[in-house]
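Undergrad: Here's a structure for you.
The values are calculated or read from the model by the stated rules, or taken from the named source; none is laboratory data. Since we're looking at a predicted model, the values are computed, not measured. Here the Cβ positions follow ideal geometry from the backbone for every residue, glycine too, while neighbour counts run over all protein chains shown.
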Amino acid sequence: MNDTTAPSAAREHTVESFTREFLREVNFGQGVDLDRASTNDKYLALARTVRAYLTTRWLETLRTQRREQKKAVAYMSAEFLLGRQLENNLLATDLGEIARDSLDLLGIDLVELCNTEIEPGLGNGGLGRLAACFVDSLATENVPSIGYGIRYEYGIFRQRFEDGRQVEEPDEWLRLGSPWEMPHPENAVKVGFGGRVEAWKDESGRAHRRWSPDWHVTGVPYNYMVPGYRNGRVNTLRLWSARATQAFDLAIFNAGDYTDAVRAQTQAENISKVLYPEDSTPQGKELRLQQQYFFVACSLRDFVEKVLPEDFDLHRLPERITFQLNDTHPVIAVPELMRLLIDERGWEWADAWAVTQKVFAYTCHTLLPEALEVWPVDLLGRLLPRHLEIIYRINEEFLEQVREAFPGDMLRERHMSIIAEEPVRSVRMAYLATVAGAKVNGVAELHSQLLRDKVLSDFAEMFPHKFTNVTNGVTPRRFMALSNPRLSALITEAIGEGWVTDLERLRELEPLADDAEFRRRFREVKSHNRARFAGVIAERDGIEISPDAMVDAMVKRLHEYKRQSLKLLHIVSLYERITSGALPLADVTPRTFVFGAKAAPGYVRAKETIALINAVGRTINADASLEGRLKVAFPANYNVTLAETLIPAADLSEQISQAGKEASGTGNMKFALNGALTVGTDDGANVEIRQLVGDDHFFLFGMDEPAVSDLQASGYRSASYYEQDKDLRAALDMIASGAFTGGDRGSFVSSITASLIERDRFMALADFRAYVDAQERVEAHWADQEAWTRSAVLNVARSGYFSSDRSIRDYLARIWNA
Ligand code: 475
């Protein structure tokens, strides 16, 4: 979209009108005089001023959609990890300069107000952040769409370190007000749970089923506006909040039990109380299933009854919507839609199933067997008895199809059943999604291939047409234009500003990789960004780092398959070689190892790893003999906001998961786009990043997926690597000796080292040597700053493919219009 045609809020508004509206919000919105207004008052007033601009466009977008009734996409996700809204909305509306000038005149610092905002952390990690990038790109690509999710009262926990150990605190993100949301209690939806299913017959004698839930919850929609980048479209993100229903309260209250009535109210409102903090390994908790059904039931009803016109014939639903299921969390929508059509509208099974199979599509985000959601049938049957019946019937008809396709293949039938028998009878949600969905996609080429060949191979054989790939992407608005203003300005100066919505245009930077002056300016930007990052963690965490050292970053959830432990072994090995005299200090590249990672509160090994990283960091940072050459910086509570200052500052991006385990990764894309070089395994989207940026500008190491599988099959013995590689042994021994824990060899020190030496589930030891070698290649390349910068510029120039705008176009072509 170029600037002359793009409707831009800025052109309709002046500094004077903006100031007037801002002051009105201070006075009448906040109820204070400007000279008495707190920073938070001013932030809220500014947010509402910007919101008013957005609202005009939003209402226009809604009117257009009601008039045109174009096919839309509903992105259903239990998580939307949005990050701060104010700056993003200023950018999208092009109001940044007007707001700054207006506030300047009033003597108010815009940056300070932006920093007041508490980010809505309504997600765990990759999956939730992807959903946020996607709604941004859907709006920017001008796709009629709506996001559906949960308005958690508490998002992902705040992380603190106490003596190096993670402590979780509730994330009170709504504490200071929530100017971006618009609640609509009048559009509340009632959702049932529990109870029984009864048979009944209509006058014609036809048999029906009727679900009588024994308790209900009300879902109140909260709308958020999602602006496209300066294109006039503002889409909706609708998050549901649980309230007790009136009837529910009164029934118990009237029965005379006030305490029970209150307790019931609390129970209902608990549903949207808190985000489950497990990333990739969901716990089979009843409240989680309640959350899933709650938001999905609200969303389907909302779409069918409120978004569609009143007289709409649901047989034509597939012409109007695709419900894109972000992993299996919303898959209970499948039996819910069946129930709506059959029980509530009297449809025949076959008709309902035909429509259902056309409107859902499923995105899988994992390869870990423990991450594939299953719900025990006794739990599901207790909470959603009618849905369980429907799932059984779907499964019966599906297995009939399997028998027809593969007569006599009993084993296959058992493998493919939506109902698992072992260890307890459970519903396999990924299988249900695959059977019901029109399409199934993985999130990177390798991942989609492994889904077809391994995780879902029987299904791929039966329904080859369903399987496709859409490689993930990231929004260049937040992760470049907003977060890296200096690099953005340099790029715009070189190639114009079209790249913000057409990221492939970064290719035009390629020739500049050979331009010494451009490289100098690029380095200047990096160096500025490093200093900015250093300033932020000094203030935020009291961590001191040198702004000149290489920033080597590993930021992602703490998980064994991601192998933070391998990074740690590299650091310890360097340290061990320096202190033992094997490596002269003069040969050590000055580096800051930056970690950012939250561990699921119940994931003991992950928490031990955090404690160990902090212990190693404390020792290294305090060792004067290193003359400050190595630093470990582990700022607590890594989140979207911190990512926005870290990623632009990074020189080296660590993407070192065991091959075949990381579905895609999206941090890897953000780093490459911001000019960091990657040291990575042949895993997830790393594969595509390397293909695009070129082998010379990417440090590949370690076993690939087939090698991992072979080694697994032939029997992996980690101890042999410990025995045979003396540097590895020395590093592990150093940890085990208590060198980082004040001589303490117990607790987490021994459990981590023992588990690596004895089991090493993700083969960190097998990849250690290759990793250390790759790090030596990194250092050699870094020593030639001109060559390094050239590689960095080429990383930027060749990363345009990883825009989430491109992902959305792929979804349109392969799934939504298919
Ligand atoms: C992958 N989260 C990344 C990213 O596609 C990928 C699971 C269960 C409960 C709560 N959260 C989860 C995930 O599974 C997840 O975040 N997966 C990630 O999705 C986007 O880039 O490789 O690990």
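Undergrad: If I filter segment 305-315 for residues that are assigned by TED's automatic domain parsing to the domain that holds residue 187 and within 16 Å of the ligand (Cβ to nearest atom), do I get at least one hit?
TA: no
Undergrad: Among the candidates 383, 368, 379, which residue alone is within 13 Å of the ligand (Cβ to nearest atom) and touching a helix residue (DSSP H, G or I) at 6+ places or on another chain (Cβ under 7 Å)?
TA: 368
Undergrad: Among the residues of segment 570-601 satisfying the criterion of being free of Cβ contacts under 8 Å to residues at least 60 places away in the same chain, under 16 Å from residue 776 (Cβ atoms) and small (Gly, Ala, Ser), which is surrounded by the most Cβ atoms within 10 Å (Cβ to Cβ)?
TA: Per the stated criteria, the residue is 582.
Undergrad: Any idea which of 685, 676, 643 is in the same structural domain as residue 765 (by TED's automatic domain parsing) and within 11 Å of the ligand (Cβ to nearest atom)?
TA: 685
Undergrad: Then there's this: Hey, could you check segment 202-225 for residues that are crowded, with 17+ Cβ neighbours inside 10 Å and of a type in the set (S, T, N, Q) and say which is nearest to the chain's Cα centre (by Cα)? Let's see the steps before the verdict.
TA: The initial filter retains those residues of segment 202-225 that are crowded, with 17+ Cβ neighbours inside 10 Å, namely 211, 213, 215-225.
Going one step further and asking which of them are of a type in the set (S, T, N, Q), we end up with 218, 223.
Working: 218: 27, 223: 20 Å.
Selected residue: 223.
Undergrad: Same structure again: Quick one: would you say residue 359 is more than 16 Å from the ligand (Cβ to nearest atom), within 17 Å of residue 325 (Cα to Cα) and crowded, with 18+ Cβ neighbours inside 10 Å?
TA: Against the criterion (more than 16 Å from the ligand (Cβ to nearest atom), within 17 Å of residue 325 (Cα to Cα) and crowded, with 18+ Cβ neighbours inside 10 Å), residue 359 qualifies.
Undergrad: Name the residues in segment 94-135 that are within 25 Å of residue 230 (Cβ to Cβ) and within 16 Å of the ligand (Cβ to nearest atom), would you?
TA: Correct list: 129, 130, 131, 132, 133, 134, 135.
Undergrad: Can I ask one more? Would you kindly identify the helices (runs of 4 or more DSSP H) lying entirely within segment 1-118 that contain at least 2 residues that are at pLDDT 95 or above?
TA: Numbers: elements: 9-12, 15-24, 39-68, 86-93, 96-105, 110-116.
Once the helices (runs of 4 or more DSSP H) in segment 1-118 are filtered for at least 2 residues that are at pLDDT 95 or above, what remains is 15-24, 39-68, 86-93, 96-105, 110-116.
Undergrad: Is there a residue being closer than 29 Å to residue 453 by Cβ, surrounded by 23 or more Cβ atoms within 10 Å (Cβ to Cβ) and either within 16 Å of the ligand (Cβ to nearest atom) or in contact (Cβ under 8 Å) with a residue 12 or more places away in the chain (or both) anywhere in segment 701-723?
TA: Scanning segment 701-723 turns up at least one residue that is closer than 29 Å to residue 453 by Cβ, surrounded by 23 or more Cβ atoms within 10 Å (Cβ to Cβ) and either within 16 Å of the ligand (Cβ to nearest atom) or in contact (Cβ under 8 Å) with a residue 12 or more places away in the chain (or both).
Undergrad: Starting from residues that are surrounded by fewer than 21 Cβ atoms within 10 Å (Cβ to Cβ) and within 16 Å of the ligand (Cβ to nearest atom), keep the ones in segment 429-449 and report whichever is nearest to the chain's Cα centre (by Cα).
TA: Checked segment 429-449; the qualifying residue nearest to the chain's Cα centre (by Cα) is 445.
Undergrad: Now, a different point. Could you list all residues from segment 737-749 that are buried (at least 16 other Cβ atoms within 10 Å of the Cβ) and of a type outside the set (Phe, Trp, Tyr)?
TA: Kept after step one, since they are buried (at least 16 other Cβ atoms within 10 Å of the Cβ), are these residues of segment 737-749: 739-741, 748-749.
Within segment 737-749, 739, 741, 749 meet the criteria.
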